[in-house]
Amino acid sequence: MNSDSNKPIPAWMFGLTAAASFGFGIFLFVVVPHWIAAWALGTKVENGLLFNLVEGAIKLAIFVAYVWLVGRREHIRRVFEYHGAEHKVVFAVENARPLTPEGARPFDTPHPRCGTGFALLTILVSIVCFSFLPQFESKIVGALWRIALMPVVAGVSYEIIKLTTHPKWGKYAILVMTPGLWLQRLTTRQPDDAQLEVSCAAMKAVLDAEANLQK
């Protein structure tokens, strides 16, 4: 007997959900902090670095509070345990350890090349990038300029994360990523062996697919 729950999600619904989520993230983490900073300091403040430091602090506070509140939900905690399992397995591969729960278990859950760390890094990079913007009297214009610069912020942040594997600059890049490693204490949990087995199986599938592409 067929069930509607077994039907795949239509592409338009997936696209609409992704667009709505992206729009919500831009509004909450870009527009709202800018408007709060503009309200608190005024749009005519001469010190652009001060304005962006305050804006960045507000953005960081909203982001950490959001992650903390989301993590309090029971089913999200389960997701965070799988997140920790994923990182342990990645560490196992990078250190040539067996792809088994025993091989991955000794490693910690935070990882320098993680989406959580990337999100936090974009906040830090945005403080620097937005400091070059002039102060706009209109909050809307200021917010639009920040949205327009987000690809630059994301690109710079991505390049910094890539440097964590560089033999010369890696240690400096990892130092920059240290706040992201701290934040991952909120988004990762210690997994059980069953979750590690799932992550090991997923990693094996990825490695097999990469090997087939290289043939």
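Translational diffusion coefficient of the chain (Stokes-Einstein, Kirkwood radius from Cα pairs, 4 °C, 1.567 mPa s): 66 µm²/s.
Among LYS171, LYS88, the order by Cβ neighbours within 10 angstrom, fewest to most, reads LYS171, LYS88. Among the helices of the chain, those built from whole DSSP H runs whose Cα atoms reach 15 Å or more along their own axis and whose mean Kyte-Doolittle hydropathy is at least 1.0 are 11-26, 48-71, 115-130, 150-162.
Pull out a ≥ b ≥ c, the square roots of the eigenvalues of the alpha-carbon gyration tensor of region 140-187, then state rounded if a/c is under 1.5, prolate if not and a/b is larger than b/c, and oblate in the remaining case. It is oblate, given that a/c is not under 1.5 and a/b is not larger than b/c. Using the rule -39500 (n - 2.57) for each DSSP H run of four or more residues, divided by the residues of the chain, the 222 nm mean residue ellipticity is -23000 deg cm²/dmol. Can you tell me which of THR100, THR165, THR17 moves the most in a GNM of the chain? Springs connect C-alpha atoms under 10 Å apart. Its mean-square fluctuation being the largest, the pick is THR17.
All Cα-Cα separations within region 115-215 were binned at 10 Å from zero, giving a P(r) of 13, 27, 31, 20, 8, 2, each value a whole percent of the pairs.
A short reminder: the numbers here are calculations on the coordinates, not readings from a lab. Model, not experiment: these values are computed from the prediction. In this analysis, Cβ positions are derived from the backbone assuming ideal geometry, glycine residues included, and neighbour counts consider all displayed protein chains.
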